[in-house]
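What follows is a short report on a single structure.
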Amino acid sequence: MNQVLEASNNESSGSKWRWLFIIFAVSLFLIFISGIFWIFTKSTASPIGLGWFLFSFAAGLSMIVLPCTLPLAFVIVPLSMGKGYVKGLAVALAFGLGVAITLSTYGIFAALLGKVFIAYAGGGGEIIKNIFYAIAGVFAMLFALSELKLINFRIPSYMGAAPGFIQRRSDIAKALMLGLFLGNIGIGCPHPATPIILGQIGIIGDVFYGWLLFLTHAIGRIIPLLLLAILGILGINATKALMARKESIARATAWGMVFVGAFLFTLGFFGHDWWVFSGMHTLLEEITQEERLLGILKGRLESAVTHVHGIPTGTGFFGLPLWLGNWVFVLLMAIPLWGSWFLQRRKLSVLTEPEQSILKKELRLKKFKFAVLTIIFALTFIYILPQRFLSQQLAHQAEEVGYDYTAGAHLPAKTVDISEIGKRADDLPAPIVRRENEKVIVELETREIVAEIAPGITYEYWTYNGTVPGPFIRVKEGDTVEVRLTHALHSHAANAEHSFNISAFPVKSVNAGVGHNDEHDSMANSDHEKAGHAKHSIDLHAVEGPGGGAVLTQVESGQTATFQFKATRPGIYVYHCASPHIPTHVANGMYGLILVEPKNGLAKVAQEFYVMQGEFYTKGEVGEKGHQEFSLEKLKKEAPEYFAFNGRVGSLTGSRALKAKVGETIRLYFGVGSHIASNFHIIGGILDKLYPEGDIISLPHRNVQTTIVPPGGAAMAEFKLEVPGKYLLVDHSLSRAIDKGAIGEIIVSGEENPEIFKKVK
């Protein structure tokens, strides 16, 4: 009776564990599916944010069918089977932990390599990526050709016995050490995500980030292995089904790697511009509905995510033209096809006559098939896709320039990305009260945004964090400041680089000149190229170092760069973009102020305001309705159509006016972000104290009526307004204020003061 009860209890306990395992397995499966789902919905996040971690995780999940991960299934499953539920799971988890530790270590190495390369070799992030891609492409091609029996190149096999010192360990210790040892298999993987992730780590150059990102990737790889192990513990050996299809999986993987290897090598050798240039980029976007997903993200996250490419004009390594990359790509895909054909043809000499006859028929059929495939490859990737991309981009450029091909008239104002581009004057951090120095992290994102420059008139701004000016940065003398600059995945094509010979064949575009402004065409390869916004950066005038940080922050779309400096000199300083063509970047709104407070801080005041003046160069005259394009010609002549405080006509008026009370001490930080000096004046007010040229620690000028603030310069002023009412901030070159927009308001409330100001009959 006791034996029956014991058996019943064991069966009940076993059933409980079985159900727990099933729940665990279902949870892992849900994580698997979630990873795949999120990669298509969130991968456009910041390069150092959620998007890259989701990409890394989902990429790890997908590697279960490749020879860098699949052999591990034949290790983890036998290790965990026949040991019971608890110990079997412990063994599987120990093996997975070992793999994760080894793989994440490579993330650390990639970060260190990237840091050394950038610091000592003077290379940029794009170079690091290209090197990773090209090397990965070579290895992927070697693996593919080996699997197709065209060459003898083997990724090391891990199906044999483990070293003796590992075999002698207990089950869990042995599983952990095997995981540590076999984790190295993942680095030689032909999967394209591996070099992409390692390249990203190299660009960032942060050790902790590298470790964490590749650890996330490792977890993605481990989860399918754990699922297979759990099935084995439950008595379902799924590896048998894999073994039965091993040859088919290997062959399909090999042909897939031919494409992957050819693509990665070409991408590495010719760079991202080739990827856009080839037309495959936009085709993939359409297939995956990237723009639709980005639109969903924009709506849900209230971001200005947009992804549009202009026509690239760059070159590959050694100055090779981009169109040559199309030929290289097709050639690399064609070589294995014809290599396999010639390999079979060599067998004719050793076959009997009947066998030869059969093989000759097969070879004739394959020759026809391969010829057709080669022609399709050539037409698709050398001609059709590039020409299709060219037509799309020309149509987009025509829209951006504001021309209708049929009518030749300017298009109406565009739909704005945000309702207000101008930074509120009262939107700045509170004064610093701490006594100790700290490390201050400044997160900046470059965004290109369509907004109103005046009612009914839209303009494409280039910004830091989506406003003009950018955020007010506030630090303390002696602070260590870390600046992280991200170039958002956003690019209108209005001033993007142009080229009209995108195809590998010298074919004229059908629409290139139809209804298109000749002036615009003539500027395509000169002015527009100089005004391109492929890169952004930041130059902080508070920095003591080459380029004020610009040398270290040249970032392309989707990239992030980080640098650090010590704030050694108190003052109010301008920062701005310093990427070519620098005047264009500055003129389009990429500027702001950084305040380095003295060690003892600044005196307390009632109100602080942040105002910057800039000018804008539009093709249309001031007040002309519709969407206005940037005019490089007017910039060169320093003939702006608009002068504006905080980025927009009327940005500091009405509900957005500065507000204060009678008798309050007001501190105003004023800077000039663009190219023309300001004659700053408050109509009806006198500046009690003026700290010119950014100098906030010397004795101030007193009772100042108007001050000149130079381009790239700033001043700090303190004053009181003793009478209630509306006061106007102006550039006292008054046509700039009255006719072109350089005007703002201070609304002062409180009791009347007839002793100072009153009407007399």
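Bear in mind these aren't lab numbers, they're just calculated from the coordinates by the rules spelled out. All figures in this text were calculated on a predicted structure; none of them were measured in a lab. Note: ideal-geometry Cβ built from the backbone for every residue, glycine included; neighbour counts use all protein chains shown.
Computed over the Cα atoms of the stretch 655-754, what is the convex hull's projected area averaged over all directions, in nm²? Mean shadow area of the hull around the Cα atoms is 6.7 nm².
Spin-label pair Ile418-Lys87: with each label point 7 Å from Cα along the Cα-Cβ axis, the two points sit 6.2 nm from one another. Remark: the Ser357-Arg569 segment gains 67.6 nm on full extension, using 0.36 nm per residue and subtracting the alpha carbon distance.
Could you tell me the calculated FRET efficiency between Asp695 and Glu752, based on Cβ-Cβ distance and R0 = 35 angstrom, to the nearest 0.05?
On the way: r = 37 Å, r/R0 = 1.05.
For R0 = 35 Å, the calculated efficiency reads 0.45.
Using C-alpha pairs below 8 Å separated by at least 6 residues, the relative contact order for the stretch 590-736 is 25 percent. Checked against a 28 Å cut-off, the cross-linked pairs Lys149/Lys369; Lys619/Lys726; Lys476/Lys740; Lys423/Lys661; Lys625/Lys659; Lys599/Lys726 give Cα-Cα distances beyond that limit for Lys619/Lys726; Lys476/Lys740; Lys625/Lys659; Lys599/Lys726.
Just in the stretch 538-625: which trypsin sites (Lys or Arg not before Pro) are loop by DSSP and have at most 14 other Cβ atoms within 10 Å? Mind dumping the intermediate values first?
Details: sites: Lys566, Lys599, Lys604, Lys619, Lys625; in loops: Lys599, Lys604, Lys619, Lys625.
Passing sites in the stretch 538-625 are Lys599, Lys604, Lys625.
Each residue of the stretch 625-638 is assigned a 3J(HN,Hα), and the resulting list reads 6, x, 7, 10, 7, 5, 10, 5, 4, 5, 4, 4, 8, 6 Hz, derived from the Karplus form 6.51 cos²θ - 1.76 cosθ + 1.60 (θ = phi - 60°), x at Gly and Pro.
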